[in-house]
Amino acid sequence: METGSLVMPRRVVPLARPDEGQAVSNARLAMIVLIAGESMLFAGLIGAYLVFRLAARNWPPPDLPRLPLGLTAANSVLLLASGFPMGRALRAARRYDRQRLARSLGQTALLGSTFLFVQGIEWVRLVRHGLTLASGTYGATFYVLIGCHGVHVLAAVTWLAVTALLARRGAFIAGRQAPLEMCAIYWYFVCALWVVLFPLVYLS
């Protein structure tokens with residue numbers, strides 16, 4: 001009688017496939033949720049504005065100053081033009097051109113800051129001429145709606161400035177460009193919001 005060793009059968013474990021990446025990254029998913037929430041906020045504000053606008057007999061009231069259409073139109077072109085250096089920044093990031101990336105982000109932030117500065121001058125002039133938050137429904141809806149957008153532009157400009165500093169330090173290497181892409185998406189979002197708000201508030 002031969003004695004043999006007892007050999008346990010081996011279970012074949014399939015090799016794990018390399019991670020092919022999520023269809024939507026966590027960063028993109030978070031940005032989608034953020035923009036969806038912001039869109040709902042502005043949809044509510046725009047809806048309230050339209051309700052008051054359509055219910056008013058005179059809009060704007062004859063005793064209140066008119067909005068500076070020419071200045072704001074030029075300022076709008078300035079804001080929308082900021083999309084071009086942002087596009088250059090994204091292209092520079094794909095080529096890992098750190099200097100051009102930082103420079104383009106800085107230019108975008110500068111245009112956004114100029115937009116806010118001109119808008120601040122506009123508000124000071126309007127307040128001096130009597131258009132304030134206490135100027136009835138017209139003044140309240142104007143400052144709440146346009147002011148809310150201004151706060152978002154300020155947040156986006158701050159994000160751009162921080163991103164530009166990180167770009168100068170070489171933070172956005174291959175595989176680590178998600179923060180830059182999210183910043184660009186948010187900037188395009190605030191610019192797109194202004195495309196809706198400007199004709200609604202200044203041209204209607």
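Examine the stretch 70-87 for a residue that is over 24 Å from Ala184 (Cβ atoms) and not small (Gly, Ala, Ser), and state whether such a residue exists. Among the residues of the stretch 70-87, at least one is over 24 Å from Ala184 (Cβ atoms) and not small (Gly, Ala, Ser), which makes the answer yes. The set of residues from the stretch 128-174 being farther than 29 Å from Gly44 by Cβ, of a type in the set (Gly, Ala, Ser) and either in a helix (DSSP H, G or I) or free of Cβ contacts under 8 Å to residues at least 24 places away in the same chain (or both) comprises Ala161, Ala164, Ala167, Ala171. The residues of the stretch 28-82 that are small (Gly, Ala, Ser), surrounded by 16 or more Cβ atoms within 10 Å (Cβ to Cβ) and part of a helix (DSSP H, G or I) amount to a single one, Ser76. Number of residues in the stretch 54-73 that are over 13 Å from Val195 (Cα atoms) and either in contact with a helix residue (DSSP H, G or I) (Cβ under 8 Å, 6 or more places away or on another chain) or among the aromatic types (Phe, Trp, Tyr) (or both) equals 10.
Among the residues making up the stretch 94-131, those that are under 30 Å from Arg57 (Cα atoms) and crowded, with 16+ Cβ neighbours inside 10 Å are Gln119, Glu122, Trp123, Leu126, Leu131. What residue, of Val144, Val162, is farther than 20 Å from Leu67 by Cβ, over 11 Å from the mean Cα position of the chain (by Cα) and surrounded by fewer than 16 Cβ atoms within 10 Å (Cβ to Cβ)? Among Val144, Val162, only Val162 is farther than 20 Å from Leu67 by Cβ, over 11 Å from the mean Cα position of the chain (by Cα) and surrounded by fewer than 16 Cβ atoms within 10 Å (Cβ to Cβ).
Looking at this structure, is Pro68 at pLDDT below 95, out of contact with any Asp or Glu (no Cβ under 8 Å at 6 or more places or on another chain) and not hydroxyl-bearing (Ser, Thr, Tyr)? Quick ask: steps written out before the conclusion?
On the way: at pLDDT below 95: yes; out of contact with any Asp or Glu (no Cβ under 8 Å at 6 or more places or on another chain): no; not hydroxyl-bearing (Ser, Thr, Tyr): yes.
Against the criterion (at pLDDT below 95, out of contact with any Asp or Glu (no Cβ under 8 Å at 6 or more places or on another chain) and not hydroxyl-bearing (Ser, Thr, Tyr)), Pro68 does not qualify.
Under the condition of being of a type outside the set (Lys, Arg) and outside any helix (DSSP H, G or I), the residues counted in the stretch 175-204 number 3. Please verify whether the stretch 59-77 includes one or more residues that are more than 15 Å from the chain's Cα centre (by Cα), among the acidic types (Asp, Glu) and within 26 Å of Glu181 (Cβ to Cβ). No, because not a single residue in the stretch 59-77 is more than 15 Å from the chain's Cα centre (by Cα), among the acidic types (Asp, Glu) and within 26 Å of Glu181 (Cβ to Cβ). In the stretch 139-157 there is at least one residue that is over 19 Å from Ala81 (Cβ atoms), aromatic (Phe, Trp, Tyr) and at pLDDT 90 or above.
The values are calculated or read from the model by the stated rules, or taken from the named source; none is laboratory data. Note that this is a predicted model, so its numbers are computed, not measured. So basically every Cβ, Gly included, is an ideal-geometry build from the backbone, and we count neighbours across all protein chains shown.
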